[in-house]
Amino acid sequence: MDIRGLVLINSESESGTELNRFGEVPLALLDVAGKNALTRIAERLRKFGVGPVTAVVEDVISVPAKGVAQGEPDFSTVFSSRERFWRTAENSFNDLVQAGAEIVILIKLGAYLEPDFDKVLQNHLDNNCRVSQLSLNGQPLEVFCISASRRNDAASLFRTNLTKCRVDCLQVEQTGYFNPLRDASDLRQFAIDILTLQTETCPAGIEVKPGVWIAPRAHVEKGARVIAPAFVGSGARIRSGAVITRCTTVEKNSQIDCGTVVENSSVLANSYLGAGLDLAHCMMGMGTIANLRRGAIALISDTKLVKNTSDAAAPGLLASAKELVAFIPRQMWRGIFGSRVQQPDLNTTLRQTSPALGKAAGYEAPACNAGAADEFSNFVAMRTHGNQ
């Protein structure tokens, strides 16, 4: 039997109100332990023999949305404006039927769930249903099983934003994992549940030791600590002296700078967290920190503390290239025509004023002079974590 999947993501809940996002991105499109909810639900559908899978996504101003599930087998994504979203969804359903689908499983994210699709399909067939629907504790969920021959029934669903069907729907009780993904707290709980193996879906990395998953191309520098359970995504970098602990996820292409402690938090993809900071019980990304215990959200403008790495990557690469182009000819010229400068010995260098300090604020001290610190009798630096 040809069974295909259709997954919908837009900015409205079933009640017609705005769904919470993080920045401009719907929660279902944000990576959690290496994959977003859309990719994970598509993988689950394929696990039960449902495919190909088509996703209809409301077009949002975000890099994560544009790159969702690229390269996944038997998976295609259609982007639509908010005004034409439900029309696009209906057209995508008709395309699946035209391609030979006999049953279409329709899922709207929203909520992430792990149903037994074999049970769902069997109930649908045994009861000769036109449309059947999943429920949780008697409350209907936005997950439907639709017979392809009943296009008018499907049309009535799409044209009422999945709130009404022209026929009675058999309700099948959902028994697997469920997370409503209504806000940042739910997304953070989703990360905890994945790391503690409360879900069937797993972190997208290699378990290098019990409870620690490291994705390919991630780099944990010498002196950094990753304490289970934790996840470090592809292309992420954990600098020396940093500590990742207590169900923390650091997503792809993110960087945790030297000496920073990240505890019970989620660092979203393409994020930079500055040196010497403590981040706890938070979700951080896109220049924003959401403290989940206090229910507070702060937009950070200081890029030395927090920034989006994807914004800075291109200018940084260009600047490095310019420096290299200028450096090579200069060094060649010096090598050919320049005279050798005699380097001072080590003892002389250590007794000179540090170039980094110079004479700022009238302060002069040799580079290696432990006694100079006594001039700052009231200056105390203390960390509560690590050995920095």
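The values are calculated or read from the model by the stated rules, or taken from the named source; none is laboratory data. Note that the structure is predicted; figures quoted are calculated from it, not measured. Cβ atoms come from the backbone with ideal geometry, glycine included; neighbour counts cover every protein chain shown. Calculation scope for accessible area: heavy atoms of the full protein, side chains included, ligands and nucleic acids excluded. Shrake-Rupley method; radii C 1.70, N 1.55, O 1.52, S 1.80 Å.
At least 1 residues being touching a His at 6+ places or on another chain (Cβ under 7 Å), open to solvent by 20 Å² or more (accessible area, probe 1.4 Å) and among the hydroxyl-bearing types (S, T, Y) is the threshold, and among the strands (runs of 3 or more DSSP E) wholly inside the stretch 88-161 not one reaches it.
Filtering the stretch 185-219 to residues that are assigned to a helix (DSSP H, G or I) and of a type in the set (D, E, K, R) leaves D186, R188, D193. Of all residues in the stretch 284-310, exactly one satisfies the criterion of being open to solvent by 70 Å² or more (accessible area, probe 1.4 Å), β-branched (V, I, T) and part of a loop (DSSP other than H, G, I, E, B), namely T303. Mind checking which pairs have a first residue in the stretch 163-178 that is open to solvent by 80 Å² or more (accessible area, probe 1.4 Å) and acidic (D, E) and a second that is assigned to a loop (DSSP other than H, G, I, E, B) and modelled with pLDDT under 85, Cβ under 8 Å, 6 or more apart or different chains? Partner pairs satisfying both residue conditions: none exist. Looking across the stretch 220-235 at every residue that is in a loop (DSSP other than H, G, I, E, B) and in contact with a helix residue (DSSP H, G or I) (Cβ under 9 Å, 6 or more places away or on another chain), the one that is farthest from A191 (Cα to Cα) is identified as A228. Filtering I107, I103 for residues that are over 21 Å from N10 (Cβ atoms), modelled with pLDDT of 95 or more and touching a strand residue (DSSP E or B) at 6+ places or on another chain (Cβ under 7 Å) leaves a single hit, I103.
Looking at the structure I just gave you, is R182 open to solvent by 50 Å² or more (accessible area, probe 1.4 Å), outside any helix (DSSP H, G or I) and closer than 21 Å to N36 by Cα? In short, yes. Checking each residue in the stretch 262-314 for being more than 19 Å from R188 (Cβ to Cβ) and small (G, A, S) picks out G274, A275, G276, S301, S310, A312, A313, A314.
When D153, D126, D116 are checked against the criterion of being farther than 19 Å from I9 by Cβ and in contact (Cβ under 8 Å) with a residue 60 or more places away in the chain, D116 stands alone in meeting it.
Annotation note: Cβ proximity below 7 Å between a residue of the stretch 260-271 that is modelled with pLDDT under 95 and aliphatic (A, V, I, L, M) and a residue that is surrounded by fewer than 24 Cβ atoms within 10 Å (Cβ to Cβ) and in a strand (DSSP E or B) (sequence gap 6+ or interchain) occurs for no pair. Take the conditions of a type in the set (A, V, I, L, M) and surrounded by fewer than 21 Cβ atoms within 10 Å (Cβ to Cβ) and apply them to I206. Does it pass? Against the criterion (of a type in the set (A, V, I, L, M) and surrounded by fewer than 21 Cβ atoms within 10 Å (Cβ to Cβ)), I206 qualifies. Given the condition touching a His at 6+ places or on another chain (Cβ under 8 Å), farther than 19 Å from L27 by Cβ, touching a residue at least 12 places away in the same chain (Cβ under 8 Å) and open to solvent by less than 70 Å² (accessible area, probe 1.4 Å), answer yes or no: does some residue in the stretch 210-231 qualify? Checked the stretch 210-231: no residue is touching a His at 6+ places or on another chain (Cβ under 8 Å), farther than 19 Å from L27 by Cβ, touching a residue at least 12 places away in the same chain (Cβ under 8 Å) and open to solvent by less than 70 Å² (accessible area, probe 1.4 Å).
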